[in-house]
1. Restrict the check to segment 80-92 and report whether at least one residue is within 28 Å of residue 11 (Cα to Cα) and under 12 Å from the mean Cα position of the chain (by Cα).
2. Would you check if there is a residue in segment 56-66 being surrounded by 22 or more Cβ atoms within 10 Å (Cβ to Cβ) and at pLDDT 95 or above?
3. Just to be sure before I move on: is residue 48 modelled with pLDDT of 85 or more, within 16 Å of ligand 2 (Cβ to nearest atom), part of a loop (DSSP other than H, G, I, E, B) and out of contact with any helix residue (DSSP H, G or I) (no Cβ under 8 Å at 6 or more places or on another chain) in the structure I sent?
4. Return the pairs, sorted by first residue and then second, in which the second residue is part of a loop (DSSP other than H, G, I, E, B) and loosely packed, with under 15 Cβ neighbours inside 10 Å, the first residue lies in segment 1-26 and is at positive phi, the beta carbons are less than 6 Å apart, and the residues are 6+ apart or on different chains.
5. Can you tell me which of (1) closer than 22 Å to residue 189 by Cβ; (2) surrounded by fewer than 14 Cβ atoms within 10 Å (Cβ to Cβ) is the one residue 166 doesn't meet?
6. Out of (1) more than 18 Å from residue 124 (Cβ to Cβ); (2) at pLDDT 95 or above, what's the single condition that is false for residue 29?
7. What pairs come out if I take residues in segment 43-64 that are near ligand 1 (Cβ under 7 Å from one of its atoms) and pair them with residues that are in a helix (DSSP H, G or I) and modelled with pLDDT under 65 whose C-beta lies under 9 Å away, six or more apart or interchain?
8. Hey, among the residues in segment 5-25 that are buried (at least 19 other Cβ atoms within 10 Å of the Cβ) and more than 16 Å from ligand 2 (Cβ to nearest atom), which one's nearest to residue 68 (Cα to Cα)?
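The values are calculated or read from the model by the stated rules, or taken from the named source; none is laboratory data. Just so you know, these numbers come straight off a predicted model, no measurement behind them. Cβ sites come from the backbone with ideal geometry, for glycine too, and all protein chains shown count toward neighbours.
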Ligand SMILES: Nc1nc2c(ncn2[C@@H]2O[C@H](COP(=O)(O)OP(=O)(O)OP(=O)(O)O)[C@@H](O)[C@H]2O)c(=O)[nH]1
Ligand SMILES: [Mg+2]
């Protein structure tokens, strides 16, 4: 299968919504707590290791990073939340930017919410799901770093999270994912391609 994300390119970074590219076409954003594997997932999906910067230091991606897929389609790497060393006022400001982005970004068609398969559904993940539900925004959950668990344990987590999510958001899907060994890569690409109307 041809990878519709192979030509993805870095477009721009924005500290707030006003600096974002024109709100046209279709956009899918990657959100999740710091270190969940957002940038790694983006790189795996594009098949391009150096596209989004990954880091062992949590909270590295502080800006909203936009990537062009086609003239009409973008992927967006959102800053991670739950980074303990960020002062409360910075955190509060970021929450305002984030909710503004989720609420007002017309081109945003879906949110990929990443959770470490070993620590799913934190309070902030639940908060994010509530914001998306209120904004009537579709969510696709990637349970990341699936390579860290045995197959059976990962499957059990998947079933449990799927059950819990059903009560939190009416339009949510969930899958296992690993940027390291490629688990769930095709399914993640298929969901994004559907949202962005790529073929
Ligand atoms: N084993 C394993 N490690 C992973 C996987 N995905 C990411 N990692 C590691 O997890 C760490 C964080 O990955 P990032 O992709 O930078 O996480 P992020 O969510 O973008 O983090 P912030 O930008 O700080 O919010 C890095 O050390 C990655 O190498 C995976 O699928 N498997
Ligand atoms: Mg990142």
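1. Looking through segment 80-92, at least one residue is within 28 Å of residue 11 (Cα to Cα) and under 12 Å from the mean Cα position of the chain (by Cα).
2. No, every residue in segment 56-66 fails to be surrounded by 22 or more Cβ atoms within 10 Å (Cβ to Cβ) and at pLDDT 95 or above.
3. Here the answer is yes, as residue 48 does meet what is asked.
4. 25/72
5. Only one criterion in (1) closer than 22 Å to residue 189 by Cβ; (2) surrounded by fewer than 14 Cβ atoms within 10 Å (Cβ to Cβ) is unmet by residue 166, namely (1).
6. Answer for residue 29: the failing condition is (1).
7. none
8. Kept after step one, since they are buried (at least 19 other Cβ atoms within 10 Å of the Cβ), are these residues of segment 5-25: 5, 8, 20.
Still in the running and more than 16 Å from ligand 2 (Cβ to nearest atom): 5, 20.
Working: 5: 9, 20: 12 Å.
This residue is 5.
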